[in-house]
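What follows is a short report on a single structure.
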Amino acid sequence: MIEVNHSKIKETNRKKIISLLLEKNEITKLDISRILDISITTVSTNINELKSEGIAEDVRSLESTGGRKAIAIKLNENCRYSIGVALTPNHIKISLVNLKREIVENIRVRHKNDGIEELILIINNSIDLLIKKYDLNEEKLLGVAFSIPGTVDFKEGIVKYSYLIGIKNFNFKERFEYLKVPIYVDNEANLSAYYEFLNRKDVLENLLYVSITEGLGLGIIINKKIYRGDNNSSGELGHIKIAINGKRCKCGAEGCLEAYTSMNSLTEGYNEISEKVISDINEFEEKYNEKDPIAISVLEQYLKLLSVGISNLIMILDPSSIVIGGDINNLLIDKLEVLKKNIYKDNSFTDENNCSISIADFKESYLLGAAMLPIEEFLEIK
Ligand SMILES: [Zn+2]
């Protein structure tokens, strides 16, 4: 005898209905029943439940059927919210996102990276402000998720190590327990990978996201899920070694890929050769756009080293999609074809037809990816 798991079916129906409501602006129960092939009774039961939870509401449909105006159902997108918080070396970035994944409010605060307590204070004040302004309670706020440039223990909500922010073994879950909502902490490259994945209709299962910022990270999506590794340390692409006795990396080791391919390595590379010193990536970009020969040759060498790293990734994981994101996209867009050529020139196992390499569609995808975690968890309906 086949045992049918009724609660599982109920969950699936509910999730399907919410997803359809998210997709359509308004829809009648009859259409929900027809599109999802669920009985009208089941649709009604679910809709009543969603209405009582404030998730769905009735609207008068504009189209009339048989002279009568049909009652349509609409998702109340502002019934639930999620807060994403990104810690970066210079800014705290906060986004309030609603159930429809729309950004409702952004907060940006510049900081001097004077230690975690200063950052926590900024975050506390900003979250307080949002809670008051949008009248958020424990039911309305699905969770707060943090994006960190560093290694994290996702399950425990602990940042294990982030040399860019200067924190070690810091428990975010405990620290923000007072909010009485789920707290998530994840690595920024994981979250960027997740956001790109959610928004790319052509990528169905697997995606790798190479994040080039002050560091070099990798987010891995395998079978639609973030792959974090058994010890939460997957994706440390920046610290694979490409040279023996090589350049010193911020992590303390020598010859790490990050020492050659982080955003800062372009500025450093330029200053090693040029008599006139530049101070940041924006100046490097200016020089490159002015066709400065030093900038051109530094970027060329940079692309060779970056392609070694990406080529190694392809050799190990054989993905069908690699997305490159971070803070040097402007420089890379122009050079994508050169990069691809470098990556595939000595690869006799696969080619561009099997694995596409593209530039990220979104800026700050780590922040929005963080905000998606509580929402996706809610839509999964445990
Ligand atoms: Zn390193």
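The values are calculated or read from the model by the stated rules, or taken from the named source; none is laboratory data. Every value quoted in this text rests on a predicted model; they were computed, and no experiment measured them. Cβ placement follows ideal geometry from the backbone for every residue including glycine, while neighbour counts extend to all protein chains displayed. Calculation scope for accessible area: heavy atoms of the full protein, side chains included, ligands and nucleic acids excluded. Shrake-Rupley method; radii C 1.70, N 1.55, O 1.52, S 1.80 Å.
Skip the ligands, DNA and RNA, and give the accessible area per residue of the chain with a 1.4 Å probe, whole Å².
Ligands and nucleic acids excluded, the result is 51 Å² per residue.
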Exercise. Measuring from centroid to centroid over Cα atoms, what is the spacing of the stretch 231-284 and the stretch 188-206 in Å?
Worked result: 26
Exercise. Where both partners of a DSSP beta bridge lie in the chain, what percent of those bridges are antiparallel, to the nearest 5?
Worked result: 65
For this session: Find the Cα radius of gyration of the stretch 142-269, compare it with 2.2 N^0.38 Å by division, and give the number to two decimals.
Result: 1.12
Exercise. What whole-number value in cubic angstrom gives the convex hull volume per residue for the C-alpha atoms of the stretch 43-185?
Worked result: 131
Problem set entry | Highest average packing first - 322-331, 44-53, Cβ atoms within 10 Å | 322-331, 44-53
Exercise. When the Cα centres of the stretch 1-61 and the stretch 105-166 are compared, how far apart do they sit, in Å?
Worked result: 34
Exercise. Reported to two decimal places, what Rg/Rh ratio describes the stretch 164-225 when computed on Cα atoms with Rh from the Kirkwood expression?
Worked result: 1.07
Exercise. Taking R0 as 45 Å, what's the FRET efficiency between residue 273 and residue 118 from their Cβ-Cβ distance, rounded to 0.05?
Worked result: 0.75
Exercise. Mind checking the log10 I(q)/I(0) for the chain at q = 0.12 Å⁻¹? Debye, one equal scatterer per Cα, no solvent, two decimals.
Worked result: -0.98
Seminar exercise, completed: Across the stretch 193-291, qualifying lysine pairs (alpha carbons under 16 Å, at least 8 places apart or different chains) come out at 5
Problem set entry | Dipole of the chain, positive end: most advanced residue of 347, 240, 198 [Cβ charges, Cα centre] | 198
Exercise. To the nearest 0.05, what FRET efficiency results for residue 174 and residue 320 with a Förster distance of 41 Å applied to their C-beta separation?
Worked result: 0.55
Exercise. Of the listed peptides 185-192, 78-85, what is their order by residue-averaged count of other C-beta atoms within 10 Å, with the highest listed first?
Worked result: 185-192, 78-85
